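Here's the structure we're looking at; comments come further down.
Any read-out appearing in this document is the output of simple, stated calculations on the displayed coordinates, not a laboratory observation. The structure presented is a predicted model; accordingly, all values stated were derived computationally and were not measured. Neighbour counts are summed over all protein chains in view; Cβ atoms, including those assigned to glycine, are modelled from backbone coordinates with ideal geometry.
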Amino acid sequence: MSYSIVIIDPDQGSAQTTAARFQRRWGQNVQVNIVKQADWASVQAHSPNLVVIDPAPYRLHGLRLLEQLCEEQPSTAIAVVASGSSPSMRQRLRNLPITSYLEKPSSLAPLLGELDHLVESNVALQSKGGLVMERQMLIPLDGSLLAEQALDYAVVLARRNSSVLHLVRVIGYPPLVPAYEWPVPSAVDSRQWLADERQAAQTYLDELKARYEQQGLAVRTTVLDGEPAHAIVQFATEQNSVREIVLASHGRSGLGRWVLGSIAEKLVQATPVPILVIHGDERKVETFKIPPELRTIVVPLDGSAIAEQALPLASQLAEAHSAELVLLSVTPGIDDPGLIESGLVPMWSAGEKAQARDQAQKYLQQLEQSLQTPRLRLRHLVVSGTPAEMIDEIAQEAVASMIVMATHGRSGFSRMWMGSVATKLIRSSQRPIFLVRAVEQAAERGQPL
């Protein structure tokens with residue numbers, strides 16, 4: 001039985017964006033219905049577990065519907081999105097036993113993050129219909145100590161959000177034998193090779209499972225066959241409960257040497273699940289003795305609503321770890337003659353650069369105000385230079401930092417996809433990078449900075 005959500009909103013565009021977010025996140029476990037009118041019959045026809053409504057457009061009709069819901073369906077969760085409600089209506093709303101009262105921000109990204117968190121909380125606690133949705137964190141491993149360094153961060157995050165650690169090992173194809181080498185392996189030899197590899201992989205995962213279960217964590221294991229990136233993407237897509245993928249950027253496979261960084265890049269292109277990439281450090285042949293801390297979250301923003309899609313995850317992480325959330329914008333720095341001549345970037349005058357900095361400051365100030373909550377520490381920062389280099393520099397200067405960014409926003413001065421910036425950071429940054437694959441059709445609030 002699926003979890004039923006009813007969105008009551010006369011603005012079909014906004015409602016469809018919210019509905020699409022729920023469907024992407026929860027898949028077939030959630031049934032989302034959009035209702036235009038705030039009437040009891042239309043809502044009850046869908047037997048909702050959660051109702052999302054902005055009552056302002058409906059005035060007294062919306063308020064009466066909420067009062068009726070609270071009285072006759074007390075088990076139904078209610079999320080009120082307050083936009084143009086009058087002071088008297090707001091007061092009456094606050095007097096109702098509403099599950100969540102959300103102030104409508106200037107863009108959809110923070111709002112969707114709050115609603116997503118609300119759905120997750122209510123689905124986890126919902127006993128109606130016997131539905132309990134599990135949250136899994138997927139950790140691809142290749143058997144190396146470098147790859148296992150991802151487990152340090154995975155454990156810290158799993159303890160905060162009650163995730164199940166799902167350890168995955170991918171067995172590739174049998175190694176190719178040059179034509180001049182004899183004898184050529186038979187089909188029986190190949191099958192035996194695969195069977196031996198699967199058994200070794202399962203034994204390896206079982207040992208890790210036992211280790212982390214002793215620490216009080218819930219752990220699952222799976223051995224997959226095939227090309228690593230494809231196998232991981234397919235598995236994550238089929239498992240609706242996978243919420244994050246955590247992996248190290250460098251590791252070694254017993255089959256050769258596939259670099260996990262390239263796997264991370266492929267995963268970002270192919271899966272909507274956020275991916276946390278940890279830079280594997282060859283100097284640390286064992287996992288950290290002291291659990292890693294998270295004190296600073298750096299979010300690169302270029303003024304687009306697409307780039308803002310990293311904000312819900314970043315805000316949740318900052319609140320959960322009592323970390324500072326840094327909103328970062330990188331404006332044009334020193335002009336590179338080679339890039340200018342190639343046409344990849346325009347030449348910026350001193351006045352244009354100053355204007356870009358002013359626009360970025362105003363944008364971040366407004367965004368910071370819209371994100372303010374009692375539990376969130378915020379600051380914003382505008383710097384000039386090359387995006388990837390400056391993002392990494394700011395993250396390196398911060399204490400115990402992590403970068404959280406969308407991968408398809410546009411950089412206004414270079415007109416390059418933010419995905420290329422993310423790729424550079426994966427390859428070079430020593431800081432953990434949480435990558436959120438942005439939804440291209442998200443409504444833009446305006447042109448990028």
Spin-label model distance (nm) - Gln369 vs Gln192, 7 Å beyond Cα toward Cβ = 7.4 nm
Taking amide H positions as placed in the peptide plane 1.01 Å from N, state which residues far from Val35 in sequence (5 or more) or on other chains have amide H under 5 Å from it.
-> Ile7, Ile8, Asp9
Using a basic spin-label model with each label point 7 Å from the Cα along Cα→Cβ, how many nm lie between Gln396 and Gln37?
-> 6.3 nm
By the mean-Cβ-within-10 Å protection proxy, highest first, 314-321, 426-433, 135-142, 369-376 rank as 135-142, 314-321, 426-433, 369-376
Relative packing of 269-277, 62-70, 39-47, which averages over residues the other C-beta atoms within 10 Å, highest first = 269-277, 62-70, 39-47
Please report the Cα spread of segment 32-88 along all three principal axes, rounded to whole Å, starting with the longest.
-> 30, 22, 16
